[in-house]
Amino acid sequence: MSGPSSEPFSAPGHGEHADVGVLLCHGFPGTPGSLRAWADHLAAAGYQVRLPLLPGHGTRWQDANRTGFDDWLATVTAELQDLTTRCRAVVVVGLSMGGTLTLRLAELYPTAMAGIVLVNPSVMTLRKDAALLPLLRWVLPAYPGIVGSIAKPGVTEPGYRVIPVRAMYSLSRAWPVVRADLPRVVAPTLLLHSRVDPIVEPENAEVVRDGVGSADVTTVVLENSLHVATMDFDADLIFATADEFIARVTAVRS
């Protein structure tokens with residue numbers, strides 16, 4: 001499934017925002033394409049932008065089963081470290097599992113970012129069949145998944161049409177670790193979540209909102225989008241709200 005939507009993206013920055021970096025983390029089992037319009041928007045505004053392709057994604061779903069959360073975290077960690085050497089301030093953005101990765105970065109490197117933006121982040125699930133993942137990973141390579149949960153007609157999310165089970169199991173193992181360390185998240189936080197989300201239950205947003213240690217948390221409910229809200233009816237609202245947030249948390253203090 002390689003193609004333009006699977007390619008990583010970067011922009012060098014220019015103008016008044018040239019010294020501010022934004023790292024975007026895509027979801028599971030998606031590609032940078034789910035965040036590309038947002039990355040282009042940020043690049044046009046002059047930010048230094050990084051949108052990496054996570055290992056095992058954007059090729060064949062079998063490749064995802066050879067990777068796990070630690071591999072995905074290592075990729076975004078390297079991008080964060082690179083941006084911090086080049087920029088005065090960095091904001092990290094994540095969609096779905098990309099939100100999980102963003103939270104983990106904020107837990108491990110609390111002083112490395114000026115703020116975080118989360119769109120439908122995942123830290124748990126209410127699905128009872130998730131309890132079968134430890135067994136299924138040995139007997140079932142993949143199962144049909146709800147991919148491309150978008151209300152807007154004619155819009156398709158790039159990504160695998162199935163859920164790679166071993167990779168999904170790795171993500172599920174990361175959730176309790178991330179939840180336990182939520183009090184370590186002290187960066188200003190913008191949390192946007194869809195009121196109706198068939199993939200990541202809205203209860204995830206409640207757990208994050210109530211668990212993070214930041215004294216600066218803004219929550220926005222997205223009324224018109226499903227899970228992949230960055231490609232849905234509320235995309236412009238997300239971009240505009242994040243613009244204001246990023247400008248505020250990266251402003252030079254006199």
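Observations
- The one condition in (1) in contact with a Ser or Thr (Cβ under 6 Å, 6 or more places away or on another chain); (2) over 25 Å from Pro158 (Cα atoms); (3) not β-branched (Val, Ile, Thr) that Arg248 fails to fulfil: (1)
- Among the residues making up segment 133-160, those that are part of a loop (DSSP other than H, G, I, E, B), free of Cβ contacts under 8 Å to residues at least 40 places away in the same chain and open to solvent by 70 Å² or more (accessible area, probe 1.4 Å) are Pro153, Gly154, Thr156.
- Breaking point among (1) outside any loop (DSSP other than H, G, I, E, B); (2) of a type in the set (Gly, Ala, Ser); (3) out of contact with any helix residue (DSSP H, G or I) (no Cβ under 7 Å at 6 or more places or on another chain), for Ala167: (3)
- Taking segment 1-92 and the helices (runs of 4 or more DSSP H) fully enclosed by it, the elements with 3 or more residues that are open to solvent by less than 10 Å² (accessible area, probe 1.4 Å) and not polar (S, T, N, Q) are at 36-44, 69-86.
- A single member of Ala112, Ala130 is open to solvent by 10 Å² or more (accessible area, probe 1.4 Å), assigned to a helix (DSSP H, G or I), in contact with a helix residue (DSSP H, G or I) (Cβ under 7 Å, 6 or more places away or on another chain) and not charged (D, E, K, R), and it is Ala130.
- Residue match in segment 180-198 (condition: assigned to a helix (DSSP H, G or I) and farther than 19 Å from Thr125 by Cβ): yes
- Filtered residue count, segment 16-65, keeping only those that are in contact with a strand residue (DSSP E or B) (Cβ under 9 Å, 6 or more places away or on another chain) and farther than 21 Å from Arg86 by Cβ: 18
The values are calculated or read from the model by the stated rules, or taken from the named source; none is laboratory data. What you see is a predicted model, and the numbers here were worked out from it, not measured in a lab. Here the Cβ is made from the backbone with ideal geometry for all residues, glycine too, and neighbour counts use every protein chain on show. The area values use the complete protein model at the heavy-atom level, side chains included, leaving out ligands, DNA and RNA. Shrake-Rupley method; radii C 1.70, N 1.55, O 1.52, S 1.80 Å.
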